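Since the structure comes first, as structure tokens, the remarks are kept for the end.
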Amino acid sequence: MIDQKVSASPRGRSGWFTSSYSNASGSCVEVNLGTCDVLVRDSKDRRDGQPVLRISVKAWHSFLEQLS
């Protein structure tokens with residue numbers, strides 16, 4: 001479950017990465033793994049003010065388990 005949608009403030013947090021499966025045009029999402037939360041953003045639009053999703057680590061692990 002997604003906990004909340006947050007403002008652009010987390011965009012400055014270092015540690016963003018994209019999947020190795022991303023295509024050459026960069027059409028993917030970027031993920032930032034934190035100790036308390038996981039942030040997800042659109043890799044095509046990194047401008048300030050664009051949405052960033054904050055997901056709890058527990059919810060992120062549950063999501064990944066559903067993929068495997």
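The values are calculated or read from the model by the stated rules, or taken from the named source; none is laboratory data. Only a predicted model underlies this, so the values are computations on that prediction, with no experimental measurement involved. Here the Cβ positions follow ideal geometry from the backbone for every residue, glycine too, while neighbour counts run over all protein chains shown. Just the protein is used for accessible areas: all its heavy atoms, side chains included, with ligands, DNA and RNA removed. Shrake-Rupley method; radii C 1.70, N 1.55, O 1.52, S 1.80 Å.
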Filtering the stretch 54-68 down to residues that are in contact (Cβ under 8 Å) with a residue 12 or more places away in the chain and either open to solvent by 100 Å² or more (accessible area, probe 1.4 Å) or not in a helix (DSSP H, G or I) (or both) yields ARG54, ILE55, SER56
Condition set closer than 15 Å to ASN32 by Cβ and open to solvent by less than 60 Å² (accessible area, probe 1.4 Å), scope the stretch 43-52, selection nearest to the chain's Cα centre (by Cα): answer is VAL52
Going through the stretch 17-41 in order, the residues found to be under 8 Å from the mean Cα position of the chain (by Cα) and surrounded by 15 or more Cβ atoms within 10 Å (Cβ to Cβ) are GLU30, VAL31, ASN32, VAL38, LEU39, VAL40, ARG41
